[in-house]
1. What accessible area per residue, rounded to a whole number of Å², is obtained for the chain using a probe radius of 1.4 Å?
2. Using a Förster distance of 30 Å, how high is the FRET efficiency between LYS268 and ARG15, based on the Cβ-Cβ distance and rounded to 0.05?
3. Below 8 Å between Cα atoms, with a sequence gap of 6+, how large is the relative contact order for the chain in percent?
4. Just subtract the alpha-carbon distance of VAL80 and ASP111 from 0.36 nm times their residue separation and send over the number in nm, one decimal.
5. Taking LYS264 as the anchor, which lysines have their alpha carbon closer than 18 Å to its alpha carbon, excluding any fewer than eight residues away along the same chain?
6. If I compute solvent accessible area with a 1.4 Å probe over the protein chains, what percent of it on the chain is carbon and sulfur?
7. For the chain, find the longest principal axis of its Cα atoms and tell me its angle to the long axis of helix 245-273, 0 to 90°, nearest 10.
8. For the stretch 210-219, take each phi angle, set θ = phi - 60°, evaluate the Karplus expression 6.51 cos²θ - 1.76 cosθ + 1.60, and give the result in whole Hz per residue in order, putting x for glycine and proline.
Amino acid sequence: VSIYSRTVEPLEYYRRFLKENCRPDGRELGEFRATTVNIGSITTADGSALVKLGNTTVICGVKAELSAPPVDSPNKGYIVPNVELPSLCSTRFRPGPPGEEAQAASQFIADVIENSQIIEKEDLCIANGKLAWVLYCDIICLDYDGNILDASTFALLAALKNVQLPAVTVNEETGLSEVNLKQKNPLIIRKHPVATSFAIFDDTLLIVDPTAEEEDLATGTVTVVTDEEGRLCSVHKPGGSPLTGAKLQDCITRAVTRHKEVKKLIDKVIKSIQPK
């Protein structure tokens, strides 16, 4: 298959591979790209993680600040996610305010946090009505080659598992908060959501973990988020080809398997940096 046809007729070029149940990069249809995760790489953050999914590279830094809890939920803290797709990560993004894809990714991550109950916001409250933690979760793409949602969800989970917060008490007499930096505690991670994304080709064929090129040629995409109990947290399907119930079930089954792979990677990296 000549490179000529790949540039002139990329879709036909792809179809030839898909007929043989493989893809131009040598992967099978249900195969993810090589995935790696490192945690604690940003020393100035309270928790951080770097995730690579093939060439797609995403870093997540979590910064914790103290604030008054919301008036309508005096016993809760805040989690504020933000996904950035800067122009340095791909020629498809322009400098300036966040574009449509970055905004959609930020909203997706906010929904994952809400639907999966990854962290109970009550756990972030220090003193009812007086003091709570705000976790700013900044997810920045360093190299964009498709499937930003899976990489961002993975980086967020790994970074939150890396967070250590100092012990804080509120002095009853003065009403001031006292921070003890010597005593740090990890966050309580209630659920472990993992995203698994698919591109839909020619309205029927599902391929997992699409590259940027595959996303561009696809007739739709779908992202399934599951937790460690195999529970469905959310399905994100921004338009495109409709999916039958049977196809969606296939996606969920693949997502449950992927969850085990991701959990194994996170557990391994956490174990490797724990003091012996």
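1. For the chain, the per-residue accessible area is 51 Å².
2. On the way: r = 38 Å, r/R0 = 1.26.
It comes to 0.20.
3. Relative contact order, the chain: 18 percent.
4. 10.0 nm
5. Here the lysines satisfying the reach criterion relative to LYS264 are LYS52, LYS161, LYS191.
6. Details: 7330 of 13940 Å².
The C+S portion of the solvent-accessible surface of the chain is 53 percent.
7. Helix 245-273 sits roughly 50 degrees off the main axis of the chain.
8. x, 6, 4, 5, 5, 4, 5, 8, 6, 8
The values are calculated or read from the model by the stated rules, or taken from the named source; none is laboratory data. None of these values were measured; they are calculated from a predicted model. Glycine gets a Cβ as well: all are built from the backbone with ideal geometry, and neighbour counts include every protein chain shown. Surface areas here come from the heavy atoms of the whole protein model, side chains and all, with no ligands, DNA or RNA. Shrake-Rupley method; radii C 1.70, N 1.55, O 1.52, S 1.80 Å.
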